[in-house]
Amino acid sequence: MIYLDSKILKELMENILISKSVDREAAKRVSEGLIQTSLRGIDSHGINLFPHYCRAVEAGRINKNPKISIEQNASSVAVVDADHAFGHHSGSVAMQQAIKMAKENGIGAVGVKNSSHFGSAAYFAFQANKENCIGMAFTNGDALVKIYNSKEIFFGTNPICFTAPLKNEEPFCIDMATSQVAWNKVQNYKRQNIKLEEGWAYDIDGKETLDAQKAESLVSIGKYKGYGLGMMVDILCATLVGGVISKDMLSMHKAPISEKRRVSHFFMVIDISKFIDIDVFKNNLQEMVDRIRKYEKSDTDDVMVAGDPEKKSYKKRSEEGIPVDEDKFNEMVAISKDIEKAVI
């Protein structure tokens, strides 16, 4: 593995996008989101996606200078038309609008249509925590998850993310796909020729497979439960705002990269202070988290709450660098040799 300095890499990626005539705010949001995600150990949605995003920009799938519009239909509700912007950009516009409405009215909900892949959902939900709010983020994606009791696929990995501020540490965060793993994780295993874990994927016949080369669809979490949650996300993201549902969306990797995908997102923000004093909330949640972590271990692993592994990764990678395999590093260097400046 090659290790890259996160601060240097962030600036390099931002400058590379700007050199491709990408809107400066979009370049900032993309580089910031990818770095944060990789530092947290979510390699499937971090810097590994940068080459793909660059190709999508050059091919015309992603609008370099979108005219993002906001239609506020009620005091706490808005719909954003992303104009095929980077998802990191349009999602941040939507989240900031949701925060603004929540501060005024207690809650804010914003749907986004005509967007693109937005990376990690946590990137957006964390923005709400900076304003002492609870953040929620959802997105749909192209159909990859097998319908329960069928061989066919219908919904995307359709993640659910919920974050809340804590008193003494970074926010609590649950950010999970409604599939057992993200498709990009399977792609990473495929690229590195690593055997998949049990309960991750199915082959073309709907049979479980451990061979990443044969993986055609993903296993939903909790069988029919994850399948149902995936449908809920598609309803919020697409059906509610007139967007495209997962089944009718173009594939991120298989469709011609010049084609627009029309991904949809949904964000919700709750102003905690409208319910309870913010310090009381943070103290109570911190006490809950600390109490759970103190319980006796059932095996060798520490007792943790959601988001703890990512916090450990963030600390470690901030000090040691973000690991990337040689093939992906060479792919990034092919875009710009400046990437070599980030090698530790």
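The values are calculated or read from the model by the stated rules, or taken from the named source; none is laboratory data. Note that this is a predicted model, so its numbers are computed, not measured. Note that each Cβ is placed from the backbone with ideal geometry, even for glycine, and that neighbours are counted across all protein chains shown.
Annotations for the structure displayed:
- Selection count, the stretch 155-190, where residues are touching a Gly at 6+ places or on another chain (Cβ under 9 Å), among the charged types (D, E, K, R) and farther than 25 Å from Ala215 by Cβ: 1
- For the stretch 167-195, filtered to residues that are in contact with a strand residue (DSSP E or B) (Cβ under 9 Å, 6 or more places away or on another chain) and of a type in the set (Phe, Trp, Tyr), the residue that is surrounded by the fewest Cβ atoms within 10 Å (Cβ to Cβ) is Phe172.
- So Gly108, is it at positive phi and either out of contact with any Asp or Glu (no Cβ under 6 Å at 6 or more places or on another chain) or not aromatic (Phe, Trp, Tyr) (or both): no
- Number of residues in the stretch 321-343 that are closer than 12 Å to Ile2 by Cβ and either in contact with a strand residue (DSSP E or B) (Cβ under 8 Å, 6 or more places away or on another chain) or aliphatic (A, V, I, L, M) (or both) equals 12.
- Every residue from the stretch 195-227 that is touching a helix residue (DSSP H, G or I) at 6+ places or on another chain (Cβ under 7 Å) and in contact (Cβ under 8 Å) with a residue 60 or more places away in the chain: Leu218, Ser220
- Out of Leu49, Leu17, Leu34, one residue alone is without any contact (Cβ under 8 Å) to a residue 60 or more places away in the chain and in contact with a helix residue (DSSP H, G or I) (Cβ under 7 Å, 6 or more places away or on another chain). It is Leu17.
- Against the conditions (1) surrounded by 12 or more Cβ atoms within 10 Å (Cβ to Cβ); (2) within 23 Å of Leu166 (Cα to Cα); (3) among the charged types (D, E, K, R); (4) in the same structural domain as Leu250 (by TED's automatic domain parsing), Arg262 satisfies every one except (2).
- Residue count for the stretch 230-268 satisfying the condition of being under 18 Å from Val80 (Cα atoms) and without any contact (Cβ under 8 Å) to a residue 12 or more places away in the chain: 2.
- Test set (1) exposed (fewer than 12 other Cβ atoms within 10 Å of the Cβ); (2) in contact with a helix residue (DSSP H, G or I) (Cβ under 8 Å, 6 or more places away or on another chain); (3) hydrophobic (A, V, I, L, M, F, W, C) - Ile276 fails condition number: (2)
Residue-wise test of (1) of a type in the set (Phe, Trp, Tyr); (2) in the same structural domain as Leu4 (by TED's automatic domain parsing); (3) in a helix (DSSP H, G or I); (4) over 30 Å from Ser19 (Cα atoms).
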| site | (1), (2), (3), (4) |
| --- | --- |
| Gln286 | no, no, yes, yes |
| Val289 | no, no, yes, yes |
| Thr300 | no, no, no, yes |
| Met304 | no, no, no, yes |
| Glu319 | no, yes, yes, no |
| Pro323 | no, yes, no, no |
| Asp327 | no, yes, yes, no |
| Asn330 | no, yes, yes, no |
| Glu340 | no, yes, yes, no |
